[in-house]
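Below is one structure, written out as structure tokens, with a few remarks after it.
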Amino acid sequence: MADAAAAPVGVFDSGVGGLSVLAEIQRLLPNESLLYVGDCGYIPYGEKSPAFIRQRCRMVAEFFREQGAKAMVLACNTATVAAVADLREQYPHWPIVGMEPAVKPAAAATRSGVVGVLATTGTLQSAKFVALLDRFANDIRVVTQPCPGLVECIEAGDLNSPVVREMLQGYVKPLLDAGCDTLILGCTHYPFLKPLLTQMIPASVAIIDTGAAVARQLQRLLGEGELLAAGPARDAQFWTSASPEHLRNILPMLWNKSDSVRSFPM
């Protein structure tokens, strides 16, 4: 099992948002070698059909398997909703971890009984999100806020411009006005706006995202399969379906500098 445990973990997102999840995985599992594919040439996924997203996810899964990955993390809410069940059916013995908005921990954390959700339109309209609300939000009020445009700004490396500030302020205000004391970041891109967000909300409002929970789930699955790496980890490798140069330019803002950025097939 030693050779299998030394294999890398593949992490996939429609763009650069999954780098927030990659950071949580590296923090919890520093011995793991990491591969990352950002399907930046097709972002945003929220405007794509489920069939298209499933096709892209299958392509990335096959690529990770060719690279010898021992597990796959779908670090994208939209891709999880569209494709995780399909991938698990196709690869029943391969650990696959998906995302979901953190409704359960937010319901446990709220004191006012009002939880706000910042998410993409696609996530908020998904059956999976509705099912989460039915399961965990019976005793609380959940106020949802779609955030069109935020993902595109983060993809461009814009985390703090007046445009982003005004946009985020407009999305957060209705949630605060509704009495939310807990905010769910329902998209893997949004943790990169935490520094800006904390300037706009009272210190008493909790911010919850799912990156750390995903890392713990990956740790659990790898542990069950005796696949936890002993290390040392190799440098993370990156692929993008858009311009590698663009990803190289924004990686220092969102991860750290890396020369290992290559083209992924369109």
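The values are calculated or read from the model by the stated rules, or taken from the named source; none is laboratory data. These numbers come from a predicted model, not from an experiment. A quick note on method: Cβ atoms are made from the backbone with ideal geometry, for glycine too, and the neighbour counts reach across all protein chains shown.
Select from the range 66-104 the residues that are buried (at least 24 other Cβ atoms within 10 Å of the Cβ), small (Gly, Ala, Ser) and in a loop (DSSP other than H, G, I, E, B) and list them in ascending order.
75, 102
Examine the range 34-41 for a residue that is assigned to a loop (DSSP other than H, G, I, E, B), modelled with pLDDT of 95 or more and within 22 Å of residue 122 (Cα to Cα), and state whether such a residue exists. Walk me through it before giving the result.
First, the residues of the range 34-41 that are assigned to a loop (DSSP other than H, G, I, E, B): 39.
Add one more test, that the residue is modelled with pLDDT of 95 or more, and what stays is 39.
Among the residues that remain, those that are also within 22 Å of residue 122 (Cα to Cα) are: 39.
Within the range 34-41 (the criterion being assigned to a loop (DSSP other than H, G, I, E, B), modelled with pLDDT of 95 or more and within 22 Å of residue 122 (Cα to Cα)), the answer is yes, since at least one residue qualifies.
So which residues in the range 42-65 are part of a helix (DSSP H, G or I) and among the hydroxyl-bearing types (Ser, Thr, Tyr), if there are any at all? Steps first, answer last, please.
Here is the first cut: in the range 42-65, the residues part of a helix (DSSP H, G or I) are 42, 45-47, 50-65.
Of everything in the range 42-65, those that are part of a helix (DSSP H, G or I) and among the hydroxyl-bearing types (Ser, Thr, Tyr) turn out to be 42, 45.
Mind listing whichever residues of the range 138-172 are surrounded by 13 or more Cβ atoms within 10 Å (Cβ to Cβ), more than 14 Å from residue 187 (Cα to Cα) and charged (D, E, K, R)?
Matches in the range 138-172: 141, 158, 165.
Matching residues to (1) over 21 Å from residue 74 (Cβ atoms); (2) more than 19 Å from the chain's Cα centre (by Cα):
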| site | (1), (2) |
| --- | --- |
| 178 | yes, yes |
| 181 | yes, yes |
| 197 | yes, no |
| 214 | no, no |
| 225 | no, yes |
| 236 | no, no |
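I want to confirm something. Restricting to the range 107-122 and keeping residues that are of a type in the set (A, V, I, L, M, F, W, C) and surrounded by 23 or more Cβ atoms within 10 Å (Cβ to Cβ), which single residue is nearest to residue 138 (Cα to Cα)? Give the derivation first.
At the first step, the residues of the range 107-122 found to be of a type in the set (A, V, I, L, M, F, W, C) are 107-109, 114-115, 117-119.
Filter again for surrounded by 23 or more Cβ atoms within 10 Å (Cβ to Cβ), leaving 115, 117-119.
On the way: 115: 12, 117: 15, 118: 19, 119: 20 Å.
Checked the range 107-122; the qualifying residue nearest to residue 138 (Cα to Cα) is 115.
For the range 166-266, give me every one of the strands (runs of 3 or more DSSP E) that falls completely inside it and has 2 or more residues that are within 23 Å of residue 142 (Cα to Cα) and not aromatic (Phe, Trp, Tyr). Steps first, answer last, please.
Working: elements: 182-185, 206-208, 237-240, 261-263.
Ranges flagged: 182-185, 206-208.
Any residue in the range 73-88 that is modelled with pLDDT of 95 or more and more than 19 Å from the chain's Cα centre (by Cα)?
Checked the range 73-88: no residue is modelled with pLDDT of 95 or more and more than 19 Å from the chain's Cα centre (by Cα).
Filter the range 200-224 down to residues that are closer than 21 Å to residue 17 by Cβ and without any contact (Cβ under 8 Å) to a residue 60 or more places away in the chain and give me whichever is surrounded by the fewest Cβ atoms within 10 Å (Cβ to Cβ).
200
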